[in-house]
Amino acid sequence: MAENQKLVVCFDIDDTLLDNDQMEADLSEFLFETFGAKGRDRYHELFEATRSEFGYADFLGAAERFRMDDIHEPLAYDLSNWLLDYPFPTRLYPHALDAIASVKAFGTPIIVSDGDGVYQPHKIARSGLQEIFEKRVLIYIHKENEIADIERHYPSAHYVFVDDKIKILSSLKEQWGDRVTTVFVTQGHYANDAALRAQYPEADVTLEGVGDLRGIDLSQLA
C-alpha cells in the first residue's frame, strides 16, 4: 500500500493513553505533604497562570516560578525531582498498549499531543511510549491548528484521531471532513464534563476507554 494511502492513527497522550488526572492528584498530595495547603495552592496558582500565558500545561515552568517565590527554600528541589521521577508507566490506562498494538495491523500509530517542549517529551519517553511509537511523536501548542504539519510528516488519505477532548475532535472534523474518523474516549475530567460535551457534535466513535480499541478495525470506518 502506498504511504499516502496507509491509515494514520493519531493518539493523544494525557487522559487518552495516560491517566493524567491521577498524576495531578498525586502531585497535589505531594505538594500538600511537603509544603502544606498554602504551598500547594500557590503552585496551582502559578501553574494556571503559566497555562494562561503560554496556552499549555507547563509543570516544570510552574515549578521554576514556585522556586523563585523563595529562592532559599531547598525543598523546592524535591518538587523538581518528584516531577522528573514520576512513574508514568504505572499511569498507562488498562490495555492502552494492546490498543496501540492492534492498530499496527492496519495502520501507522503516531502520537499527536499538546504541551511544553521539555516535560511533555520527558513524559512520553519515561512512560515507554516513545519507544512503542518508534519515535513517531508530534507535540504542538494547539494541535487542531496543525493539520497541515501532521499531513506533511505523515501523509495519508485518511486519519483516525483518538482523543479525550470533544472540542478538539470537533474542530478536526470540521477541517478534515470525511478524511478523518474521530474517536472519543470518555476518560478524564474533560471527557466527563457533560456541559462541555453538549456544546459539540458527537464523535464518529465513542468508547468508554482507550482499551476498547482492541479488536476494532478502524480501517473499515475510513
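The values are calculated or read from the model by the stated rules, or taken from the named source; none is laboratory data. Predicted model only: the values in this text are computed from it and were never measured. Methodologically, a virtual Cβ is constructed for each residue, glycine included, from the backbone with ideal geometry; neighbour enumeration extends over all protein chains shown.
Annotations for the structure displayed:
- Residue, farthest from PRO121 (Cα to Cα), within region 35-66, restricted to residues that are among the basic types (Lys, Arg) and free of Cβ contacts under 8 Å to residues at least 12 places away in the same chain: LYS38
- Check on GLU131, among the acidic types (Asp, Glu) and exposed (fewer than 13 other Cβ atoms within 10 Å of the Cβ): yes
- Single condition LYS173 does not satisfy, out of (1) farther than 13 Å from VAL9 by Cα; (2) of a type in the set (Lys, Arg); (3) surrounded by fewer than 17 Cβ atoms within 10 Å (Cβ to Cβ): (3)
- Qualifying residue in region 94-113 (condition: within 22 Å of HIS44 (Cα to Cα), not acidic (Asp, Glu) and not in a strand (DSSP E or B)): no
- Filtered residues of region 114-129 (kept if in a loop (DSSP other than H, G, I, E, B) and either polar (S, T, N, Q) or over 16 Å from CYS10 (Cα atoms) (or both)): ASP116, GLY117, VAL118, SER127, GLY128
- For the residues ASP98, ASP58, the requirement of being acidic (Asp, Glu) and out of contact with any helix residue (DSSP H, G or I) (no Cβ under 6 Å at 6 or more places or on another chain) singles out ASP98.
- Every residue from region 147-167 that is of a type in the set (D, E, K, R) and either surrounded by fewer than 17 Cβ atoms within 10 Å (Cβ to Cβ) or not assigned by TED's automatic domain parsing to the domain that holds SER113 (or both): ASP149, GLU151, ARG152, LYS167
Every residue, every condition in (1) in a helix (DSSP H, G or I); (2) more than 26 Å from HIS95 (Cα to Cα), yes or no:
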site	(1), (2)
GLU131	yes, no
GLU134	no, no
ILE139	no, no
ALA148	yes, yes
ARG152	yes, yes
SER156	no, yes
SER170	yes, no
TRP176	yes, yes
